[in-house]
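Colleague: Dropping the structure in here first, questions after.
The values are calculated or read from the model by the stated rules, or taken from the named source; none is laboratory data. On a predicted model such as this, the values are computed, not experimentally measured, just so you know. Positions of Cβ are generated from backbone atoms using ideal geometry, with glycine treated the same way; all protein chains shown enter the neighbour counts. Ligands, DNA and RNA are excluded from the accessible area calculation, which covers all protein heavy atoms including side chains. Shrake-Rupley method; radii C 1.70, N 1.55, O 1.52, S 1.80 Å.
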Amino acid sequence: LGTFGQSRLRQFQAFARRMTDFRTAFRNATADLPALGSNIHYSASADRLRKLLQEGPLKLTDLREAPEKFFAAHSVLSEYATQVGPGFGIRFTVQFNLFAGTLIALGNSQQVAALRAMQASGKLGCFCLTEKLAGVNSGLVVNTTCTWDESKQMFLLDCPDAGAFKNWISQGLSADLAVVIANLIVKGKPKGPHGFLMKLRENGQLVSGVTAKDMGDKTIGNDLDNAEISFSKVWLPKDALLDKYAGIQDGEYVQKEKGVSNMDMIGQRLYTGRTVIAGSTLVFARSLYRSAKNYADNKKCWSPQGGMSLSSVPQLAHLYVQTDKELSRVEALSRVVESKLCECLRNDKIPDSKLVEMVAVLKVKAIETSISTCFKLKQELGSYALMGGTGFEKLDYLQCCKFAEGDSRILMQKLTRDRLQAFAKSPSGEGKEAEACMKLGMSLKSGGKQAWNDNFELVYGIADMVMERIVNEANPQASL
């Protein structure tokens, strides 16, 4: 190695040591979570996050300053998922990604600097985006309004109807603060979704005009509070608007940076969220297989030649090998996506269309592969898979991940739409993928919008081919 190569090697080694040290410190700081368990009231889980915040192994600003730590912390928490389910992990990512991450992306320097005091005092935040009317089209429909009043120099936050109530808001019953996504209205004209930072509670009580209702009992993750939140004519100060890119100046709406929309920056939280969710399902699957194999290795079965371990049964032994290959392929894509996202986060860049596509593919492939392989494992282990404490009772963890921050079916339809649009501009590709695009394109041309539903199998088939291609491009050596 030359001088430059040796310098780069030393930098890489130093970085690797720092990340190892961080993982150890974060694992030590959260080692009590399995013992704490998930059969606790959501307030106890919230208090545990307040403690972790104040201890500070991960800073709220690390999403931009040290994004590798952000991803590593989520990976460590995912190691506990087969024991404690999704509750604390979701609570954690809401705090660090959705709440703090949106503030970092949209806030001015003073607003971002306030995160330090929030962390020191253990203040919890929630992220109010999803609305009842929006459903799986979360973020595409925002009917909550925030109207600028020039005479008062304040904003009036309001839900015009029940369809605009914020829905399934994680940490909504315990948060002190909220980032609320609302349609900004200035002089009677809507300016699109913007972020507003507000106090949700003072001294543990909701501020005037805010209501919060528990979403009810769930099949898993009841240590996490999920709330329906509504706003009825709540006045917010002028500095509530997260105005890094757009704000109010002399009574006028001002776009501070051309070409950057607030929704683009809000969308970045979905990209990081989808990536950590995908990674968590891969860790869950690995953990479940590891503990199940340890059991099966030591479980003796009768055979004519004497005792044999359950793991040596041919179909189970084959499943271990096959699953390792399948998970390894998706893990290769996960590493590429995380690396590219870290670069974007550090440099405050919006991911390009290729990376957005890779994130969508990762979310779908990771979750669907984990669901499939874990279900297959359950079928091979008999009564063991029915026992509490084995991890199989936490399989609805994967169901939570399937629809969180982008349902698999919706993402697959988007992948096909994007592929068709690219194909229409420049017909390219080889073999079955190109043929399928041509076939669906012709059907849409003759049958209109209804043809999309009529050809739903082809729609999802194209998405499957796109996903397979993206996985192979990420690491050809990982191909089966």
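Colleague: So if I check each of 147, 93, which one is closer than 27 Å to residue 338 by Cβ and either outside any helix (DSSP H, G or I) or touching a His at 6+ places or on another chain (Cβ under 7 Å) (or both)?
Modeller: The match here is 93.
Colleague: Could you please find all residues in the range 99-136 being within 23 Å of the chain's Cα centre (by Cα), closer than 21 Å to residue 262 by Cβ and polar (S, T, N, Q)?
Modeller: 102, 130
Colleague: Residue 272 is checked against (1) within 21 Å of the chain's Cα centre (by Cα); (2) open to solvent by 60 Å² or more (accessible area, probe 1.4 Å); (3) of a type in the set (Ser, Thr, Tyr) and fails just one. What number does that condition carry?
Modeller: (2)
Colleague: Next question, about the same structure. Which condition number in (1) outside any loop (DSSP other than H, G, I, E, B); (2) in contact with an Asp or Glu (Cβ under 8 Å, 6 or more places away or on another chain); (3) modelled with pLDDT of 95 or more is the one that residue 172 fails?
Modeller: Failed condition: (1).
Colleague: Find the residue count for the range 97-134, including only residues that are closer than 23 Å to residue 227 by Cβ and of a type outside the set (Val, Ile, Thr).
Modeller: Count: 23.
Colleague: Condition (residue is assigned to a helix (DSSP H, G or I), within 21 Å of residue 278 (Cβ to Cβ), out of contact with any Gly (no Cβ under 7 Å at 6 or more places or on another chain) and of a type in the set (Val, Ile, Thr)) applied to the range 58-76: is it met by at least one residue?
Modeller: Yes, the range 58-76 contains at least one residue that is assigned to a helix (DSSP H, G or I), within 21 Å of residue 278 (Cβ to Cβ), out of contact with any Gly (no Cβ under 7 Å at 6 or more places or on another chain) and of a type in the set (Val, Ile, Thr).
Colleague: Same structure again: Of all residues in the range 203-225 being free of Cβ contacts under 8 Å to residues at least 12 places away in the same chain and of a type outside the set (Gly, Ala, Ser), which is most open to solvent (accessible area, probe 1.4 Å)?
Modeller: Selected residue: 203.
Colleague: Among what's in the range 105-120 and is open to solvent by less than 10 Å² (accessible area, probe 1.4 Å) and part of a helix (DSSP H, G or I), pick the residue that is nearest to residue 42 (Cα to Cα).
Modeller: In this case the residue turns out to be 115.
Colleague: Something else: On the given criteria, is residue 276 within 20 Å of residue 345 (Cα to Cα) and not basic (Lys, Arg)?
Modeller: yes
Colleague: Just the residues that are over 21 Å from residue 324 (Cα atoms) and buried (at least 17 other Cβ atoms within 10 Å of the Cβ), please, taken from the range 372-398.
Modeller: Answer for the range 372-398, where residues must be over 21 Å from residue 324 (Cα atoms) and buried (at least 17 other Cβ atoms within 10 Å of the Cβ): there is none.
Colleague: When you go through (1) more than 20 Å from residue 217 (Cβ to Cβ); (2) within 17 Å of the chain's Cα centre (by Cα) one by one for residue 91, which number turns out not to apply?
Modeller: (1)
Colleague: I've got another one for you. Only one residue in 266, 229 is under 11 Å from residue 106 (Cβ atoms), surrounded by 21 or more Cβ atoms within 10 Å (Cβ to Cβ) and in contact with a Ser or Thr (Cβ under 8 Å, 6 or more places away or on another chain), so which one is that?
Modeller: 266
Colleague: If you don't mind, there's one more thing I want to ask. Could you check the range 1-49 and list, in sequence order, the residues that are open to solvent by 40 Å² or more (accessible area, probe 1.4 Å), touching a residue at least 24 places away in the same chain (Cβ under 8 Å) and touching a Ser or Thr at 6+ places or on another chain (Cβ under 9 Å)?
Modeller: 23, 36, 42, 43
Colleague: Scan the helices (runs of 4 or more DSSP H) fully inside the range 367-480 and keep the ones with 1 or more residues being at pLDDT 90 or above and over 21 Å from residue 276 (Cα atoms).
Modeller: In the range 367-480, the matching helices (runs of 4 or more DSSP H) lie at 408-425, 431-447, 450-454, 456-474.
Colleague: Answer yes or no as to whether residue 260 is among the β-branched types (Val, Ile, Thr), more than 30 Å from residue 45 (Cβ to Cβ) and either in a loop (DSSP other than H, G, I, E, B) or in contact with a helix residue (DSSP H, G or I) (Cβ under 7 Å, 6 or more places away or on another chain) (or both).
Modeller: In short, yes.
Colleague: Which of the residues spanning the range 160-182 are open to solvent by 30 Å² or more (accessible area, probe 1.4 Å) and of a type outside the set (A, V, I, L, M)?
Modeller: Across the range 160-182, the qualifying residues are 160, 161, 165, 168.
Colleague: Continuing with the same structure: Count, please, the residues in the range 230-257 that happen to be assigned to a loop (DSSP other than H, G, I, E, B) and touching a residue at least 24 places away in the same chain (Cβ under 8 Å).
Modeller: Residues meeting the conditions: 7.
Each row is one residue, and each column tells you yes or no for (1) at pLDDT below 95; (2) in a helix (DSSP H, G or I); (3) open to solvent by less than 40 Å² (accessible area, probe 1.4 Å); (4) touching a strand residue (DSSP E or B) at 6+ places or on another chain (Cβ under 8 Å).
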residue: 289; (1), (2), (3), (4): no, yes, yes, no
residue: 303; (1), (2), (3), (4): yes, no, yes, no
residue: 306; (1), (2), (3), (4): yes, no, yes, no
residue: 321; (1), (2), (3), (4): no, yes, no, no
residue: 334; (1), (2), (3), (4): no, yes, yes, no
residue: 344; (1), (2), (3), (4): yes, yes, yes, no
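Colleague: Moving on. Does residue 93 fit the bill of being under 18 Å from residue 171 (Cβ atoms), among the β-branched types (Val, Ile, Thr) and free of Cβ contacts under 8 Å to residues at least 60 places away in the same chain?
Modeller: Taking the combined requirement at face value, the residue does not satisfy it.
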